[in-house]
Amino acid sequence: MGSIRQSNPIGKVTRPASGPGSQVGTVASPKVLRQYIARFPQASVLVIGDLILDHYIWGRVSRISPEAPVPVVHVDSESFKLGGAANVFNNILALGGKADLCGVIGSDESGRMLLKELGTTRAARGGVVIDQDRPTTRKSRVIAHNQQIVRYDVERRAELKPAMQRRILRYVESRLRELSCLVVSDYAKGVVSATLMSEITRLATTRGIPLVVDPKVEHFSYYKGATIITPNHLEATQAAGVHGDDDQANNEAGAIIRQRLGCQAVLITRGEKGMSLYEGEGASWHIPTQARQVFDVTGAGDTVIGTLALALSTGASVKDAAILANHAAGIVVGMVGTATLSSQQLSEALGND
């Protein structure tokens, strides 16, 4: 695996001579990467997937409960944020791109809260379908002293009924001509099915635009033909049937997944180890982490996929798009809770030209 370094205006990416793809490549300079960021407002991305309401309960802990060995949290406040596919959408908007959203909510208070949060973005709601037979997916996190104490979820994971899937596909088709990229954000909450994914892949191929997927292990077979998928290390090794948490296991998983799915690239996120990118003909690259302090990894994957979609929309190579996504993730993990960043923050994180 090569190492991407950005200390020089044009960095060198090297790979071991004994491994596949051992030639030397170049990394775009911060100046070139900033040119992609400057073109983010030209991008138009449709995000399809599981809409989640992220609910935060903020408080303080001063004692242990006499009823059970658990902390007693004195609640000071609560807040709501867009989560899942809605957070990918929000990240794209925050970075300056144009975005649309397509998914399902229930006819309940959580659904109304999610629509309220969407309203703050002034986004169109035409792609948000209300399903009377399921609750809105909500993740509630209790946080005290900047630490998550517990999380509890309200959800229904059953696959959408065919009529609901058809409504989603009709919306995607109606927006297709305006788009520069399609994103599928799969949290396995019922929206993404084999049928839906097959049709979305066909539409992206017909339109000639990138299809970027944030996957779930149980659905890996659905993603054949995607441009790039972004599993974390555990998801990648489980999907590939590989054991271990070292570089070798990661390399094997990346190569197996890319070959099985016929993707242009697989980007495996590895926490403090950064990211690993696998492209065709055995090409592989390692991108070291850019995180300075890690407070919360909630939603970092959403930031990665949103940044990838924007960068690919503006003509960046998969490798340069991954570098930008890595910098973006390094910023948001330094924030508590579901977070977004601006294009200015991303540009400043690239360092000097």
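Return the tail of the calculated pair distribution for the chain, meaning the percent of Cα-Cα pairs more than 34 Å apart. Of the Cα pairs, 24 percent sit more than 34 Å apart. Between amide H atoms placed 1.01 Å from N, distances below 5 Å from VAL184 occur with ILE48, VAL212, VAL213, ASP214, all of them 5 or more places distant or on a separate chain.
Computed over Cα pairs, the Kirkwood radius of region 28-153 leads via Stokes-Einstein (1.567 mPa s, 4 °C) to a diffusion coefficient of 78 µm² per second. Per-residue 3J(HN,Hα) values for region 59-64, derived from phi via the Karplus relation 6.51 cos²θ - 1.76 cosθ + 1.60 with θ = phi - 60°, read x, 10, 10, 10, 7, 9 Hz in sequence order (x marks Gly and Pro). Backbone phi angles across region 214-231, fed through the Karplus curve with coefficients 6.51, -1.76 and 1.60 (θ = phi - 60°), yield HN-Hα couplings of 9, x, 10, 3, 5, 10, 4, 5, 6, 8, 4, x, 5, 5, 8, 10, 10, x Hz in residue order; Gly and Pro are listed as x.
Placing +1 on the Cβ of every Lys and Arg and -1 on the Cβ of every Asp and Glu, with no other charges, gives region 139-234 a dipole of roughly 260 debye about its Cα centre. Dipole of the chain computed with +1 at Lys/Arg Cβ and -1 at Asp/Glu Cβ about the Cα centre; of SER198, ALA123, ASN251, farthest Cα towards the positive end is ALA123.
The 3J(HN,Hα) values that the Karplus relation (6.51, -1.76, 1.60; θ = phi - 60°) gives for region 166-180 are, in residue order, 5, 5, 5, 5, 4, 5, 4, 4, 5, 9, 4, 5, 8, 8, 9 Hz. Gly and Pro appear as x. Ordered by the number of other Cβ atoms lying within 10 Å of each residue's own Cβ, fewest first, LYS224, LYS216 fall into the sequence LYS224, LYS216. Semi-axes of the equivalent ellipsoid for region 56-113, computed as √(5λ) from the eigenvalues of its C-alpha gyration tensor and ordered from largest down, come to 35, 15, 9 Å. Placing dummy labels 7 Å off each Cα toward the beta-carbon, the span from THR120 to LYS161 is 3.3 nm. Neighbour counting of Cβ atoms within 10 Å sorts the residues LYS116, LYS81, fewest neighbours leading, into LYS116, LYS81. Here the simple spin-label model places points 7 Å from the Cα toward Cβ, and for VAL72 and GLU281 these points are separated by 6.7 nm. Here the chain is treated with +1 on each Lys and Arg Cβ and -1 on each Asp and Glu Cβ, and its dipole about the Cα centre works out to around 720 debye. Over the C-alpha atoms of region 301-353, the Rg to Rh ratio, Rh being the Kirkwood estimate, stands at 0.95.
Across LEU312, LEU196, LEU51, mean-square fluctuation computed from a Gaussian network of the chain (C-alpha pairs under 10 Å connected) peaks at LEU196. Going Cα to Cα from LYS31, which lysines come in below 25 Å? Please leave out same-chain ones fewer than 8 positions away. Straight-line reach from LYS31, under 25 Å: LYS12, LYS98, LYS319. Projecting the Cα atoms of GLY262, SER221, ALA163 onto the dipole axis of region 123-274, where Lys and Arg carry +1 and Asp and Glu carry -1 at the beta carbon, places ALA163 farthest toward the positive end.
Read-outs throughout are calculated quantities, based only on the coordinates presented, and are distinct from any laboratory measurement. None of the values given here were measured: they were computed from a predicted structure. For neighbour counting, all protein chains shown are included, and Cβ atoms are generated from backbone atoms with ideal geometry for every residue, glycine included.
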